[in-house]
Every structure is written in structure tokens, then in C-alpha cells.
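Have a look at the structure below before the remarks.
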Amino acid sequence: MKNIIILGSTGSIGDSSLSVVKESKDKFNIVALSAKSNYKKLAKQAKEFKPKALCIVDDFKNDLESLLDYKPKIYVGKDGLINLIKENRACLLLNAIVGFSGFLPTLEAINQKMDIALANKEALVVGGNLIMEAIKKNNVKIIPVDSEHNAIFQCLKGHAKREISKIILTASGGPFLNLPMEDFSKISIEDALSHPNWSMGKKISVDSATMVNKCLELIEAKWLFDVDWKKLDVVIHPQSIVHGMVEFEDKSTILSMSKTSMKVPISYALFYPNYSNSLSVDFLNITEGLNLNFIKPDIKRYPVLALIKDVLKNLGTYPCAFNGANEECVESFLNKKIKFNDIFKFIEIAVKEHKNIKNPSIDDLIECNTLTREKIKKLIEGGSV
Ligand code: NAD
Ligand code: MG
């Protein structure tokens, strides 16, 4: 039995993670679950998996309690989330929180010597230096849940870093791969949320449409695989069957494919270093004609892919500023305060005007995130792009 904690259990990845656990109930014991505000869903999950601890970040403790049929310890607020991690032992924590808010809980779990199954890519984007340092210091593992990184993690098995020539992340291109660029300003929230291949939370759906998701993933890959930024690349692969590939110095390429189901990488991370042999996902039927295409991304369509190179080269607090600006913009787009094509313009301002801090501390990162978000918020309210 593996004792596990799942943070962000009420979201898209949280949901899929619990359904993987449900298929192998004899292998996992759920120690704790958490959500931001969806207490009804958290109560439903709690009644099924009976974790001994829960956290509801927004103050819905009484509402949550009233729906339960047993008495787990209930934590509240951001500090509650950290205390839950400090006070409950597990060997693996799956972090499926979205955004910067997942950073400190990830770091705390590592310091409590838990292995990490990481879906919350923003944690690595903003604080990769501190997270990877803590991983080494505490001698724990980090297993990526993000499908591209999970695929690459598998491709790299048994290979030394010096053998790597290039790490290639695939991108579906999102819903606007073929939309004329002059129509970008008319993109509605519904359009941006309708991803062609994946069903995901709102923020990552918008990030996939703007290609910011791939930028975040390049930084995530930089920290996870520790290669020179020039060895990281992106190709558009509209079918989302190949999730990632690695070219090696001997001119061979290893790639990893599966059906487009997040249950595959989630299961890999939960079972690691073992394998599940009972996952309810179909094999790829490779004789049915997979029709795989790989296209070089058009930088005019996705200028953020050019911007991210400077961020990758310089690191420090640049990724945190990039991420903070994006989080503010996505929220504003979803609240109809800015247009879809304004997102890039504000991120560009945040990056171009950012004063970098090399090797940032936790406080530097919190400050960078807060100040960047405040700055972008002001610009948006002032109506300036
Ligand atoms: P989601 O919006 O569906 O779920 C987010 C979860 O985090 C919810 O349980 C929510 O209650 C919780 N949460 C939100 N804000 C919080 C806060 N401030 N403090 C604590 N908890 C908070 O998101 P998702 O699509 O499941 O994505 C989760 C993470 O996984 C993201 O970082 C995303 O980039 C990454 N990811 C998602 C997918 C996918 O297919 N959905 C794929 C790869 C990576
Ligand atoms: Mg991904």
C-alpha cells in the first residue's frame, strides 16, 4: 500500500488521479485531499476514499463538515495546506493545484521527504532552482505528470545526460492552429476553452491556445532534465499521440506515444517505479493508420515562443515574472477584461521591463509574483496595451 496525498483533487487532473486510484484500490491509501473552494466535490471524494485529512483553502469548513459522514481533520487556508503537509505522512504527494499557489506546498512536501508526482508545472517554472535543490538535498524523486515530460522521462531511462542531443516537446497547436491571424482578436472564451484533443481545467486550456503552456513546459523541462536551453525544442503535432521525444548524439530518436488520456502519465507517476497492468485505457491501434504529422511552429502565429528564449537563457526571476503576468492575463481574459490577443502583449511588457534576480529566494519569488501581477492588473485597468 502506498500512502499518497493529492492536492487539487477536485480539478481535472485531481479527478483523473482519483479514478486511477479507484482502479487499483488495493495499491493506494489516500491520506489527504485538498481543494480551493469546491467543498461539495471534496466532500463526495472524501466520503468515497476516507482520507484522514482534508484542506479547503477558502473558508468553507462548516459547509464541508456538514456533508461528511466521518470526522477527518480539516485544515483551512493557505497555511492550512502547508500544515496538512507537515502533519500527515505520505510517501508520495501528487500536486494537481493550478498556478503559483502550488509552489510552496510542493517545496514543503519535498522538505517533508515525500516523492512528488508533479502536474503543477507552475511550481517548477517559478521556483525550479529551489525545488531541484530541495529534491537533491532531501534525496527524493520528482516524477512529471505533465504528459510531454512524462514521455521524455521515459525516453531518457537508461541514458546519460551527455548522450542527449535534443529534447523535443510536442504541442497540439491548440484550437487556433489554422485560424487566420486577423481573427485572433475575436476569439471568445468558449472558443479558447475548446481544446481539440484534451479536456482540461480553464487556465491550461487558455494557455494551450496561446502556446504559453508550451513556454511553461520548456522551463519545466529545463529544470527537470537539466540540459542547455539550446537543446530544448517544440514541434507542432496536431494529433497529440506522440507526447515527447529525445534525439541522441548517436542520431537515434526515441519517442513515447499513447492514447490522449492523462490517466497514462498519472498512472506512471503513481505506480513509479512499478507499472500498472490494469489501467482502463486502450492501447494505440497502430495498424489503424495513426497519420502522425510534425510541423515547425510559426513564430508569427505564436510570438511567445520567441520571447520565451530570453526567459530560458536568463532564468532567475524571469520565469516567475512571465508566469505571474500570464496568470493575471488569463484571469482577466476569462473575466472579459482583455481580448485573447492582448495576453501576449502584456506578458511581453512584463518580461521586457523585468529586473532579474539570479538565484531567487522564496521571498524574492513571492514578491516578484505579487508585483508583476499588480503591475499587469494596473495596466489592464488603465486600458493600456
Ligand atoms: P483545474 O483548474 O481543473 O484544477 C485545479 C485544482 O487546484 C482544483 O482542485 C482547485 O480546487 C485547486 N486550486 C485552484 N486554485 C488553488 C489555490 N489557490 N490553492 C489551492 N488549491 C487551488 O486544473 P487542472 O487542469 O487539473 O490542472 C492542474 C495542474 O496540472 C495545472 O498546473 C496544469 O497546468 C497541470 N496539467 C494539467 C493537465 C490537464 O490535462 N488538465 C495536463 C498537464 C498538466
Ligand atoms: Mg503538457
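The values are calculated or read from the model by the stated rules, or taken from the named source; none is laboratory data. Keep in mind the model is a prediction, meaning the values are calculated, not measured. Using ideal geometry, Cβ is built from the backbone for each residue, glycine included, and neighbour counts are taken over all protein chains shown. Accessible surface is based on the protein model in full, side chains and every heavy atom, while ligands, DNA and RNA are left aside. Shrake-Rupley method; radii C 1.70, N 1.55, O 1.52, S 1.80 Å.
What ranking, highest mean first, results for peptides 338-349, 117-128, 271-282, 17-28 when packing means the other Cβ atoms within 10 Å averaged over each residue?
Ranked from most to least packed, the peptides come out as 117-128, 338-349, 17-28, 271-282.
Quick check: at a probe of 1.4 Å, how many percent of the accessible area of the chain sits on carbon and sulfur atoms?
Percent of accessible area from carbon and sulfur atoms in the chain: 50.
Could you rank CYS215, CYS91 by how accessible they are, 1.4 Å probe, largest area first?
Listed by decreasing accessible area, they come as CYS91, CYS215.
I need the peptides 62-71, 374-383, 230-239 ranked by packing, meaning the mean over residues of other C-beta atoms within 10 angstrom, with the highest value on top.
In descending order of packing, they fall as 230-239, 374-383, 62-71.
Which of the pairs LYS36/LYS358; LYS214/LYS313; LYS136/LYS345 have their Cα atoms more than 26 Å apart in this structure?
In this structure, LYS36/LYS358; LYS136/LYS345 exceed 26 Å between Cα atoms.
Determine which residues of segment 241-283 fall in the zone a paramagnetic label at GLU163 would reach in this model, i.e. backbone nitrogen under 14 Å from the point 7 Å along Cα→Cβ.
Flagged as within label range: 246-255.
Taking only protein heavy atoms into account and a 1.4 Å probe, give the accessible area per residue of the chain in Å².
Result: 46 Å² of accessible area for each residue.
Work through the residues other than LYS61 whose Cβ is under 15 Å from its Cβ and net out their charges, Lys, Arg +1 and Asp, Glu -1.
Around LYS61, the charge tally is 0.
Mind checking which aspartates and glutamates have their C-alpha under 20 Å from LYS251, skipping anything on the same chain fewer than 8 residues away?
By straight Cα distance, LYS251 reaches GLU163, ASP228, ASP233.
On a full-extension model of 0.36 nm per residue, what is the gain between ILE295 and ASN178, subtracting their alpha-carbon distance, rounded to one decimal in nm?
40.9 nm
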